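This report concerns only the one structure given below.
A short reminder: the numbers here are calculations on the coordinates, not readings from a lab. Worth saying up front: this structure is predicted, and the values here are computed from it rather than measured. Quick reminder, even Gly has a Cβ in these numbers, built from the backbone with ideal geometry, and neighbours come from all protein chains shown.
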Amino acid sequence: MPAHHFYDGTVRWAGNHGAGTGSYTFYGREHQVHAPGVVVLDYEDHAMGTMAVAASGEGEFARVMLRPRVTITADSDRARR
């Protein structure tokens, strides 16, 4: 029976240098955001995962849940157009 390890972490994009992703030169390359027509100002993800470890010591993530929170400009929000 494999052992299970639970992980809980948060990922936050810190590449906004003041103008979001409006231009390729406006943001840091720590994480790239690809969403045509959408300008991302902020990104944070609270991720949780469970890793199964076999008796041999090898492991793999058996389950991962992502909960992203993305802030976009008002002009990027299609619901408001």
Can you list the HN-Hα couplings for the range 56-70, worked out from phi with the Karplus curve (6.51, -1.76, 1.60; θ = phi - 60°), rounded to whole Hz and with x for Gly and Pro? 6, x, 6, x, 8, 6, 8, 7, 9, 10, 9, 10, x, 10, 10
Counting only residues 5 or more places away or on other chains, whose amide H sits under 5 Å from the amide H of Asn16 once H atoms are built in the peptide plane? Gly28
Please give me the summed charge of the neighbours of Tyr43: other residues whose Cβ is under 11 Å from its Cβ, Lys and Arg +1, Asp and Glu -1. -2
Within the under-9-Å Cβ sphere about Arg12, not counting Arg12, Lys/Arg +1 and Asp/Glu -1 give a net charge of -3
